[in-house]
Amino acid sequence: MERGPCVQLLPPHQEVEQLRARLVAKLRHQYQELCHQREGIEAPKESFNRWLLERKVKDRGNEPLLPSQCLTDISMSMYREIMNDIPVRLTKPKYSSDARKQLAKYAEAAKKMIESRNATKESRQIVKWNVEETFQWLRTQFGASCEAYLERLAHLKQQCGPHLTETAKSSVENICSKIYSLSCDYAAKVQQKHWEVLKEHGIEEATEAPPPAPQRRVTCYPLQLYVPCPRLPKVDRVIEGETATLKFNGETVKVSVLYFQKLVIAFYVFYHAATAHKCERFM
């Protein structure tokens, strides 16, 4: 069915995209810092990217990338991934010596965590008892197989895991809420910057909603924006060998020529740019 022009999305602009990229990079770094400071772990690999995707599925805000209007502050995807790495991140060992070190590392981290947090007396007793039992087993088992160490680690996780999860629950939830709160603040900054750029070109916010589109079937066509697009500044392009260098406002981005050509073709296909000037229009 035919659609009316989109009012929520604003036309893209290089200065706005530059600010958005900086804020996303800053938010990614803050996520890493929060995990390190509060839980003593590195942020789970690719966890931030998965958080963006998971949040945008539920997001009702107008910001294309940063989540800004979700029903809940806490992302269960991010929550589970952080919890899986507490008290330490576990990997699949190749040798029995690696499995032994990982078992000892997990036991030591569990003991340190339960002693430094506000855990219940019962949780402290259960975790400490299981950790001490594990250390006693390690003192008597020097030549155990890799499978034996992994079975012992699985047993230790089963006994201590629920108590460690309950102890770290509020802290991990605060990390998720903090990241979402920062994302909302950055989304507002991007929106403010966007309108500042548009108003510099004489484009004001619409006071009236566009008329509804007629109810008829039409051929699929690209999304149309209600807010007009200003004349975009020039982006310098230099191609050397297999590398394309793009320069704008003091920043430089290097991509492979093959990837750059794919972007140009995608732009041509989706926006039906003229063949003779498709690269210039893409830039």
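Per the conditions (1) surrounded by fewer than 17 Cβ atoms within 10 Å (Cβ to Cβ); (2) aliphatic (A, V, I, L, M); (3) under 30 Å from Tyr31 (Cβ atoms), the sole criterion not satisfied by Met113 is (1). Does any residue of region 208-226 turn out to be at pLDDT 90 or above, within 16 Å of Glu17 (Cβ to Cβ) and either hydroxyl-bearing (Ser, Thr, Tyr) or surrounded by 13 or more Cβ atoms within 10 Å (Cβ to Cβ) (or both)? No, region 208-226 contains no residue that is at pLDDT 90 or above, within 16 Å of Glu17 (Cβ to Cβ) and either hydroxyl-bearing (Ser, Thr, Tyr) or surrounded by 13 or more Cβ atoms within 10 Å (Cβ to Cβ) (or both). Please work out which residue is surrounded by the most Cβ atoms within 10 Å (Cβ to Cβ), limiting yourself to region 37-87 and to residues that are in a helix (DSSP H, G or I) and of a type in the set (S, T, N, Q). Checked region 37-87; the qualifying residue surrounded by the most Cβ atoms within 10 Å (Cβ to Cβ) is Ser47.
On the stretch given as region 123-159, residues that are in contact (Cβ under 8 Å) with a residue 40 or more places away in the chain, in a helix (DSSP H, G or I) and surrounded by fewer than 15 Cβ atoms within 10 Å (Cβ to Cβ) total 0. Within region 24-33, track down each residue that is of a type in the set (A, V, I, L, M) and open to solvent by 20 Å² or more (accessible area, probe 1.4 Å). The answer is Ala25, and nothing else.
Among the conditions (1) closer than 30 Å to Ile74 by Cα; (2) open to solvent by less than 60 Å² (accessible area, probe 1.4 Å), Phe248 misses just one, which is (1). The C-beta contact set for region 13-41 (first residue farther than 14 Å from Gln192 by Cα and of a type in the set (D, E, K, R), second residue in a helix (DSSP H, G or I) and open to solvent by 60 Å² or more (accessible area, probe 1.4 Å), distance under 9 angstrom, 6+ apart or interchain) comprises Arg38/Asn174.
Identify all residues within region 77-124 that are over 16 Å from Glu39 (Cβ atoms) and within 27 Å of the chain's Cα centre (by Cα); write none if there are none.
Taking region 77-124 as the starting set, the residues that turn out to be over 16 Å from Glu39 (Cβ atoms) are 77, 91-104, 107, 120-124.
Answer for region 77-124, where residues must be over 16 Å from Glu39 (Cβ atoms) and within 27 Å of the chain's Cα centre (by Cα): Ser77, Thr91, Lys92.
Of these, Leu223, Leu182, which one is part of a loop (DSSP other than H, G, I, E, B) and either among the aliphatic types (A, V, I, L, M) or free of Cβ contacts under 8 Å to residues at least 12 places away in the same chain (or both)?
None of the other options fit; the residue is Leu223.
Looking only at residues of region 1-23 that are touching a helix residue (DSSP H, G or I) at 6+ places or on another chain (Cβ under 8 Å) and of a type in the set (A, V, I, L, M, F, W, C), we find that the one that is least open to solvent (accessible area, probe 1.4 Å) is Val16. Whether a residue is in contact with a helix residue (DSSP H, G or I) (Cβ under 6 Å, 6 or more places away or on another chain) and more than 22 Å from Glu33 (Cα to Cα) was assessed, and Cys146 passes this test. Within region 46-60, residues that are more than 16 Å from Glu81 (Cβ to Cβ) reach partners that are of a type in the set (A, V, I, L, M) and outside any helix (DSSP H, G or I) with beta carbons closer than 7 Å, at six or more positions or on different chains, in the pairs Lys58/Leu71. A single member of Val227, Val238 is more than 22 Å from Glu2 (Cα to Cα) and of a type in the set (A, V, I, L, M, F, W, C), and it is Val238.
The values are calculated or read from the model by the stated rules, or taken from the named source; none is laboratory data. Predicted model, so just to flag it, every value in this text is computed and none were measured. Reconstructed Cβ throughout: ideal geometry from the backbone, glycine too, with neighbour counts over all protein chains shown. These area figures cover heavy atoms from the full protein model, side chains too; ligands, DNA and RNA do not enter into them. Shrake-Rupley method; radii C 1.70, N 1.55, O 1.52, S 1.80 Å.
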